[in-house]
1. Right, residue B:33: buried (at least 24 other Cβ atoms within 10 Å of the Cβ), in contact (Cβ under 8 Å) with a residue 40 or more places away in the chain, of a type in the set (A, V, I, L, M, F, W, C) and more than 24 Å from residue B:155 (Cα to Cα) or not?
2. Run down B:267, B:240, B:255, B:202 and say which single residue is modelled with pLDDT of 95 or more and under 26 Å from residue B:79 (Cα atoms).
3. How about the range A:34-87: which of its residues are in contact with a Phe, Trp or Tyr (Cβ under 6 Å, 6 or more places away or on another chain), modelled with pLDDT under 95 and not in a helix (DSSP H, G or I)?
4. Among the strands (runs of 3 or more DSSP E) contained in the range B:37-147, which hold 2 or more residues that are under 30 Å from residue B:275 (Cα atoms) and within 12 Å of another protein chain (Cβ to nearest Cβ)?
5. Considering the range B:125-142 alone, what residues qualify as being touching a residue at least 12 places away in the same chain (Cβ under 8 Å) and surrounded by fewer than 20 Cβ atoms within 10 Å (Cβ to Cβ)?
6. Please indicate, with yes or no, whether at least one residue in the range B:257-280 is crowded, with 16+ Cβ neighbours inside 10 Å, basic (Lys, Arg) and either out of contact with any Leu (no Cβ under 7 Å at 6 or more places or on another chain) or not assigned by TED's automatic domain parsing to the domain that holds residue B:88 (or both).
7. Out of the strands (runs of 3 or more DSSP E) lying entirely within the range B:160-201, which hold 2 or more residues that are touching a residue at least 24 places away in the same chain (Cβ under 8 Å) and under 15 Å from residue B:22 (Cα atoms)?
8. Check off (1) assigned to a loop (DSSP other than H, G, I, E, B); (2) under 28 Å from residue B:53 (Cβ atoms) for residue A:143 and give me the number that stays unchecked.
Amino acid sequence: MSTYTTNEMMTVAAARRLPDGAVCFVGIGLPSTAANLARLTSAPNVVLIYESGPIGAKPTVLPLSIGDGELAETADTVVSTPEIFRYWLQGGRVDVGFLGAAQIDRFANLNTTVIGPYDAPKTRLPGAGGAPEIAGSAKEVFIIMRQSKRAFVDKLDFVTSVGHMDGGDARQRAGLPGKGPQVVVTDLCVMEPDAVTHELTVMSIHPGITREQIIEATGWPIKFAANVVETLVPQASELETLRALQERTDAAHGKQEGAE
Amino acid sequence: MADICSLREAVSGLIHDGDTVAMEGFTHLIPHAAGHEVIRQGKRDLALVRMTPDLIYDQLIGAGCATSLRFSWGGNPGVGSLHRLRDAVEKGWPHPLAIREHSHADMANAYVAGASGLPFAVLRGYIGSDLPKVNDSIRFIDCPYTGETLATTPAVRPDVTVIHAQQADRQGNVLLWGILGVQKEAALAAKKVIVTVEEIVDKLDAPANACILPKWVISAVCHVPRGATPSYAHGYYERDNRFYLAWDAIARNRDAFTAWIQRHILDTDDFEGFLRVHAESQPEVSA
């Protein structure tokens, strides 16, 4: 069996969740990597939409920015940014919004704005981008991010994009059109919201990872499903495709450190 | 009617201290040359608007040209932070910057409202988000037909919008293609429009539905080859990803930033001069 990194496990596990043929609104960084891996493996008919305007993008290398020329050149069509948000996202054409974040809470609300108080920030993050309306209007939301106590927090410093709010049927009562986050994939495990409380619950644990590691990397008392399973290890074909994609990307852009 | 002139003339005649200025371009076609010229001419107190401030506004903010910023995503794409933006917000250097932050959908709708002559835009957004708590220009209304709660945002109405495009013809009609972002809306929302172009051609060879801005909505067209560098111009040159990476180290430090601005912008006459100095210093910064 081949060895793999925790990042590779996370990307592969996230890619597998994307249904073939889904229309997917993709954030840059980890979501874009996972969505393109899905397109090259289990979901060849997935339609990738990027907020800069490309619809049906099929990049051979991963974009460094959300508006890379590669996305336009490989797309079925390129529309304006207002059209993307008005007709395609708000119009209800997006099945899956694929997002990352700096912080997440137990109900999968997301922070990409600020760490610390808004007026005196400890760390100023880039901000909202397309995420608030993707989180609201996509039929489902998938989240991919590395797990640590700093990222998986008891209370968000700022709610940029809405998940299940304070749980239960809060989201439905607020009148949000989409179902909200349906899965969170990390480098340690896969979580899904509980059917009733909508609190994130560990459903599968990546091979070699312990429950203690997950508890240790979560800022609230994390719940485990009664029938937690082990995540299927990355298959040779998945790893081969992912590594080839990364190699092509590195060759095109130069190797990136900490690129998101 | 579009005046074909130098970028120096366009910036000096059309952009004034205190103006609301939008320089748009979504990763693609970012009008960097025009941003430099605004710094070179020492414009002050600008109210800047742009979805993604990018390096162009990091430079303007760090050079002290701006007093406020309306935006929706303030990072260095694929690299990390915009350090000059952060320094202005967190430490008030070189002076405090008032920020009003929105989402992309909001900004895109706000430009559409501006281009449509409406005072505000309506969108389904922000429910459950803290953004309306820190930006009182984001408000909510009840739909008069269904009762649904919808968000509103004030239209963007710039005094001047600046964009970069691939081509203009000799009358000043402008053609752009590839990723178009909000440029058309930003141009039509503004009182005055400056367009820098890669090339001036005899005839725009464009199909019927191409994105063309007719000469009569444009104030000035300026021929500035490579004027979007380090962003890209589809069909002309690629994004200089290495410079986006190198900018991180330049912008992280106030002295390094000030020295870079001095050498590359203030000590050069125009964008051609910048490109010459930039070519000399590129190996140094990426080494």
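The values are calculated or read from the model by the stated rules, or taken from the named source; none is laboratory data. Quantities reported herein were computed from a predicted structural model and do not represent experimental measurements. Because the Cβ atoms are built from the backbone with ideal geometry, glycine has one as well, and the counts that use them run over all protein chains shown.
1. yes
2. The unique qualifying residue is B:255.
3. Within the range A:34-87, A:52, A:66, A:67 qualify.
4. Correct list: B:66-71.
5. Within the range B:125-142, B:132, B:134, B:135, B:137, B:139, B:140, B:141 meet the criteria.
6. No, the range B:257-280 has no match at all.
7. Where strands (runs of 3 or more DSSP E) fall fully within the range B:160-201 and carry at least 2 residues being touching a residue at least 24 places away in the same chain (Cβ under 8 Å) and under 15 Å from residue B:22 (Cα atoms), they are B:160-169, B:192-201.
8. (1)
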